[in-house]
């Protein structure tokens, strides 16, 4: 048998051709359908970027209005969904509730449309999923933590509506602007684990909701989507252990024990800065004023950055400033990863649409390291059960 070259984690292995996005580390750009993601985040709103991803082009004014109108109309959960969320067990993790809800949404699709894999049908379903995901995420969290439900307000813009679902009150303009930029920075990032998971499922000709559910399961892992939550918890732990004065020493101690500091480094960027983190770092001073401990948290964060660069040569990835920013916005930490997912829906759906249209069933091979030549022992009888 010919030996197969092993590339653990498929590192550096191109798995598909795409026109959705690419991480150009040489140019230090995240290219999304030909545009620099950082420019998109600075100049446009998240729904514009979502339209670009799902429909393949930036919207004109008429398309902007139509897209926003359709998102608002679809934002309310379908009848019966609130009852399903209310039946989730108390204390269920937010990402588990989200995964259950995303999967269940397939049941409210027209069966014929659900089975239709054409780009036009997939785009219609993608818009509904994009519109409803925030209500599912917030609704599942509220149901499993004993909070009253908040219904999506179609009169609010996308980011404003999302924050209202989470916070229970209409947010101010500064919060909406910062949150919108966070959503854009999370919208698409080439082929991370969750996007690959979605494409693998879509390549079997499974429906869009099946692929979207697989992505939730992938994103739950702390080595992927959960890093934002871990970053926020880290800062609060350091705050409780002496604040900025002790933060650097504490990080050095953790590193000496071989602990992983979440929110630093990236499989693709390696030892280069994440351009999204650099953009969002500039949001933090303005957000710090929203909490009494905001300035102290930024000082702790700076101490962590300094040690990680000096000791490991690692820069923050986007999860580090986003974990801080969401906390400063008053968002419960357990919702950080669900928010990541809801923002990434636009990119995920772009990949699913592309996979349905041009993809091929994924069927990789393994580098086998197990034994050969084994035989069943003489006299061994089959199991009685």
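The values are calculated or read from the model by the stated rules, or taken from the named source; none is laboratory data. What you see is a predicted model, and the numbers here were worked out from it, not measured in a lab. All Cβ positions, glycine included, derive from the backbone under ideal geometry; neighbour counts span all protein chains shown.
Would the range 314-326 turn up any residue that is in contact with a strand residue (DSSP E or B) (Cβ under 9 Å, 6 or more places away or on another chain), assigned to a helix (DSSP H, G or I), over 21 Å from residue 32 (Cβ atoms) and not assigned by TED's automatic domain parsing to the domain that holds residue 169? Yes, the range 314-326 has at least one match. Residues in the range 1-16 that are in contact (Cβ under 8 Å) with a residue 12 or more places away in the chain and under 27 Å from residue 201 (Cβ atoms): 4, 5, 6, 9, 10, 11, 15, 16.
Out of all the residues in the range 249-269, which are at pLDDT below 95 and surrounded by 15 or more Cβ atoms within 10 Å (Cβ to Cβ)?
Result: 261, 262, 263, 264, 265, 266, 268, 269.
Give the residues of the range 11-23 that are surrounded by 12 or more Cβ atoms within 10 Å (Cβ to Cβ) and more than 20 Å from the chain's Cα centre (by Cα), sorted by residue number. Within the range 11-23, 15, 16 qualify. Kindly check whether there is at least one residue in the range 141-150 that is in the same structural domain as residue 214 (by TED's automatic domain parsing), at pLDDT 95 or above and under 30 Å from residue 354 (Cα atoms). No, that holds for no residue.
Counting only residues that are in a helix (DSSP H, G or I) and either in contact with a helix residue (DSSP H, G or I) (Cβ under 6 Å, 6 or more places away or on another chain) or crowded, with 21+ Cβ neighbours inside 10 Å (or both), the range 42-56 holds 8 of them.
Criterion first (within 16 Å of residue 356 (Cα to Cα) and modelled with pLDDT of 95 or more) does residue 208 satisfy it? Taking the combined requirement at face value, the residue satisfies it. Please state which one of 26, 82, 63 is in a helix (DSSP H, G or I), surrounded by fewer than 19 Cβ atoms within 10 Å (Cβ to Cβ), without any contact (Cβ under 8 Å) to a residue 60 or more places away in the chain and in the same structural domain as residue 128 (by TED's automatic domain parsing). The unique qualifying residue is 63.
The lone criterion from (1) assigned to a helix (DSSP H, G or I); (2) over 24 Å from residue 348 (Cα atoms); (3) touching a residue at least 24 places away in the same chain (Cβ under 8 Å) left unmet by residue 159 is number (2). Residues considered: 344, 254, 363. Of these, the only one that is in the same structural domain as residue 164 (by TED's automatic domain parsing), out of contact with any strand residue (DSSP E or B) (no Cβ under 6 Å at 6 or more places or on another chain) and either free of Cβ contacts under 8 Å to residues at least 60 places away in the same chain or under 27 Å from residue 48 (Cα atoms) (or both) is 344. Out of curiosity, is residue 373 closer than 30 Å to residue 235 by Cα and either at pLDDT below 95 or assigned to a loop (DSSP other than H, G, I, E, B) (or both)? Judged against the criteria, residue 373 is not a match. For residue 221, indicate whether it is loosely packed, with under 14 Cβ neighbours inside 10 Å and in contact with a helix residue (DSSP H, G or I) (Cβ under 8 Å, 6 or more places away or on another chain). No. Residues that are under 13 Å from the mean Cα position of the chain (by Cα) and modelled with pLDDT under 95 do not occur anywhere in the range 171-184.
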